[in-house]
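Okay, so here's the structure we're looking at.
Quick note: the coordinates plus some simple rules give every number you see, no bench work behind them. If you're wondering where the values come from, they're calculated on a predicted model, not measured in any experiment. Cβ coordinates were reconstructed from backbone atoms using ideal geometry, including for glycine residues, and neighbour counts include every protein chain displayed.
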Amino acid sequence: MNTQYRPSFATEELVFHGDENNTGGKALYFPVHQRKILVDAESQPDDYFSCYPKKHIVYNTEIIYIGTLGDIPCYCFELEEELVEGNMQYFDLHDLYGTIDEEMLGIASRAVQMADFYRTHRYCGLCGGTTHYVPEETGMQCHNCEHLAYPRISPAVIILIEKEENLLMARSKHFPDGVYGLVAGFVEAGETIEHAAHREIKEEVGISVKDLNYFASQPWPFPSSLMLGFTANFAEGEIDVDVNEIEEACWFHVDEIPKLPGKKSISRALIDHFIDKHESCK
C-alpha cells in the first residue's frame, strides 16, 4: 500500500456525522445543479462556499447536512433550475481542481454526489412514494413504506501492469489524442476485487498477470465510483485488445512513456510510481 499517496476528490478532515449545531453561525454551503456547483466567480476561492445563497433556494428545497469541518457544518442542496445571476457561475469538479485546496475539493465532491443522490431518489424505488433525507442514516427514506435507500458507490479497479522496464498502456477512443492510460473496469456483482482485476485484464488486453498488489484508492465522482489501484507483473500471453472497450494497447519502455493522464487521477499516480521506481534503479 502506498501510504504517501494523497488522492484528489477525497476528504480526510470532514466528520461525516459531526456536530451540526454551531453557535457561531458559520457554515459552508454547496449549491448544486445536475452535478455542477454554483459559486460567485468574482469572490476568492477561499470564500466560494461561505455564503448562504438564499435567493437561489426555492421553497421547500431540502438542505442536506454532509458533515462538519472543524466546528463548521457543511451543507449541500440541489437547485431545481439552472439559476445564474450577476457573477454566479456553475463549475464542475474538474474546473475546481487546482483552484480550491484539496480538502475543500473533497468536500465539494461529496456535496455533488450527495445532491445528485437526493435528486435521483426523490421517489421510492419500491412503491413510488415520496422520500425525505435522513441525515443519521445518510439515506433517503420513503414516507409511505419506509424503504431506505443509500448513496450508490460503484467500486472499480485500475491496474498498472509491468514487464521489467516496460509498462502496458491502453487508450480508449474517448481519450484525448495521444493520451494513454491503464487497464480499468467496474467490479461485477458476486466477485472479489482481486478477481475483477484479473478478469478486466484478461477481457481487455488478453494477458495474465501475477503478483497483484494493492496500491491505493481514490473516490472518483464522475459519477459516484471508488477506484481501487493495483500493481501487477506480466505472467503470460499476447496482447489481444477488446475493440469494444479500447482501441489500442501496447508496451512502453520507462523512457518512452507517451502523453499521460492528468495528475488528479489515480492512473497518473500509478504511472508516476512506476517511473520513479525505475529511475531510482538507474
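Hey, fewest Cβ within 10 Å first, where do ASP177, ASP46, ASP116 land in order? Don't skip to the answer; put the middle values down first.
Numbers: ASP177 6, ASP46 10, ASP116 20.
Going from sparsest to densest Cβ surroundings: ASP177, ASP46, ASP116.
Name the residue farthest towards the positive end of the dipole of region 57-161 from the options SER109, TYR90, HIS143, assuming +1 on Cβ of Lys and Arg, -1 on Cβ of Asp and Glu, about the Cα centre.
HIS143
Determine the alpha carbon to alpha carbon distance for each of LYS36/LYS202; LYS36/LYS210; LYS26/LYS263; LYS202/LYS264 and list only those over 30 Å.
Details: LYS36/LYS202 36 Å; LYS36/LYS210 41 Å; LYS26/LYS263 33 Å; LYS202/LYS264 27 Å.
In this structure, LYS36/LYS202; LYS36/LYS210; LYS26/LYS263 lie more than 30 Å apart at Cα.
Please list the non-local residues whose amide H lies under 5 Å from the amide H of ALA235, H modeled 1.01 Å from N, same-chain partners needing a gap of 5 or more.
Correct list: SER208, VAL209, LYS210.
May I ask you to evaluate 6.51 cos²θ - 1.76 cosθ + 1.60, the Karplus curve with θ = phi - 60°, for each residue of region 35-52 and list the ³J(HN,Hα) values in order in whole Hz, giving x for glycine and proline?
Per-residue couplings from phi come out as 6, 10, 9, 8, 9, 7, 5, 8, 7, 6, x, 5, 9, 3, 10, 8, 9, 8 Hz.
Give the long-range amide H neighbours of TRP220: residues separated by 5 or more places, or on another chain, with amide H under 5 Å away, using H modelled in the peptide plane at 1.01 Å from N.
Placed amide hydrogens put SER225, LEU226, MET227 under 5 Å from TRP220.
For the chain, with a Gaussian network of springs between Cα atoms less than 10 Å apart, report the residue from PRO219, PRO155, PRO258 with the top mean-square fluctuation.
PRO258
Top mean-square fluctuation among TYR29, TYR150, TYR75, Gaussian network model of the chain, C-alpha springs under 10 Å?
Largest GNM mean-square fluctuation: TYR150.
Work through the residues other than LYS202 whose Cβ is under 10 Å from its Cβ and net out their charges, Lys, Arg +1 and Asp, Glu -1.
On the way: positive: ARG199; negative: GLU200, GLU203, GLU204, ASP240, ASP242.
Result for the local shell: -4.
Restricting to region 93-247, what percent of DSSP beta bridges are antiparallel, rounded to 5? Let's see the in-between values first.
Working: 26 of 36 bridges.
Bridges in region 93-247 are about 70 percent antiparallel.
Antiparallel DSSP bridges in the chain: what percent, to the nearest 5? Please report the intermediate quantities before stating the final value.
Working: 45 of 61 bridges.
Counting DSSP beta bridges with both partners in the chain, the antiparallel share is about 75 percent.
Tally Lys and Arg at +1 and Asp and Glu at -1 over the other residues with C-beta under 12 Å from the C-beta of GLY70: what net charge comes out?
-3
Using a Gaussian network model of the chain with C-alpha springs under 10 Å, which one of ILE153, ILE66, ILE271 is most mobile by mean-square fluctuation?
Most flexible of the set in this elastic network: ILE153.
If you take every residue apart from ARG122 with its C-beta less than 12 Å away from the C-beta of ARG122, what net charge results, scoring Lys and Arg +1 and Asp and Glu -1?
Its environment carries a net charge of -3.
Any idea how far the Cα center of region 203-235 sits from the one of region 169-195, in Å?
8 Å
Apply the Karplus parameterisation 6.51 cos²θ - 1.76 cosθ + 1.60, with θ equal to phi minus 60°, to every residue of region 233-242 and state each ³J(HN,Hα) to the nearest whole Hz, in sequence, with x for glycine and proline.
Along region 233-242, the couplings run 10, 4, 10, 6, x, 10, 4, 9, 7, 8 Hz.
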